[in-house]
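I have placed the structure first, in the form of structure tokens, so that the comments after it can refer back to it.
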Amino acid sequence: MKRFQSPGSLQSWCLQKRLENNPIALVPTMGFLHAGHVSLIRKARKAAGPTGIVIVTLYVNPTQFGQGEDFDAYPRDLKRDLAICRSEGVNAVFTPSHGSMYASPYSTYVNETLLSRQWEGIQRPSHFRGVTTIVSKLFLLTQPHVAVFGEKDFQ
């Protein structure tokens, strides 16, 4: 299993895999993996097929947390997450630093203006800007053929 910390190195590797005609399945997570995540990894493996590549991101995205939401208290266990990914046959994990994903000064975001006005968006007005921004970044880096999200990610 490969581990990437640099966005550029992940992007280069994914480009090479696409040139080799390997389907790419992406499972974006904030880590602290559990049985639900394992289910998503297995779905990604099935979707990618026998020659496919499964990439799991383990990144607690600070832009998803609003004022008063405790980013620092979000649970993390990288060693355990890597062991789970390895045991599930994940091909690559992406564990970037905040600085590599949001170089200072950072001012470009993806804003969604319809769904973010309902459900969870009512209580967390800046949350979806963070989600849409990081998912866009991950899609640009990996260019997946398929991405697998959990039910809680519906909105």
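Scanning segment 58-89 for residues that are in contact with a helix residue (DSSP H, G or I) (Cβ under 6 Å, 6 or more places away or on another chain) and within 22 Å of Pro23 (Cβ to Cβ), we see that the one that is surrounded by the fewest Cβ atoms within 10 Å (Cβ to Cβ) is Glu88. The sole residue among Val54, Val27, Val90 that is within 14 Å of Ile134 (Cβ to Cβ), among the aliphatic types (A, V, I, L, M) and out of contact with any Asp or Glu (no Cβ under 6 Å at 6 or more places or on another chain) is Val27. Note on segment 29-69: residues that are under 13 Å from the mean Cα position of the chain (by Cα) and assigned to a strand (DSSP E or B) amount to 6.
Only one of the listed residues (Ile24, Ile41, Ile53) is touching a residue at least 24 places away in the same chain (Cβ under 8 Å), among the β-branched types (Val, Ile, Thr), under 26 Å from Tyr109 (Cβ atoms) and in contact with a Cys (Cβ under 9 Å, 6 or more places away or on another chain). That residue is Ile24.
Applying the set (1) within 12 Å of Thr142 (Cβ to Cβ); (2) among the small types (Gly, Ala, Ser); (3) assigned to a helix (DSSP H, G or I) to Ala25 leaves exactly one unmet item: (3).
Whenever a residue of segment 79-100 is at positive phi, its partners that are part of a helix (DSSP H, G or I) and surrounded by 12 or more Cβ atoms within 10 Å (Cβ to Cβ), lying with C-beta atoms within less than 9 angstrom and at least six residues away or across chains, give the pairs Gly89/Ile41; Gly89/Arg45.
When residues in segment 5-21 are screened for being touching a residue at least 40 places away in the same chain (Cβ under 8 Å) and not aliphatic (A, V, I, L, M), 7 of them pass. Of all residues in segment 1-47, those being out of contact with any Gly (no Cβ under 7 Å at 6 or more places or on another chain) and over 27 Å from Ser97 (Cβ atoms) number 9. Ser116 meets each of the listed conditions (1) at pLDDT below 95; (2) loosely packed, with under 13 Cβ neighbours inside 10 Å; (3) not charged (D, E, K, R) apart from (2).
The values are calculated or read from the model by the stated rules, or taken from the named source; none is laboratory data. Computed from a predicted model, the values in this text were never measured in an experiment. No Cβ is skipped: glycine too gets one built from the backbone with ideal geometry, and neighbour counts run over all protein chains shown.
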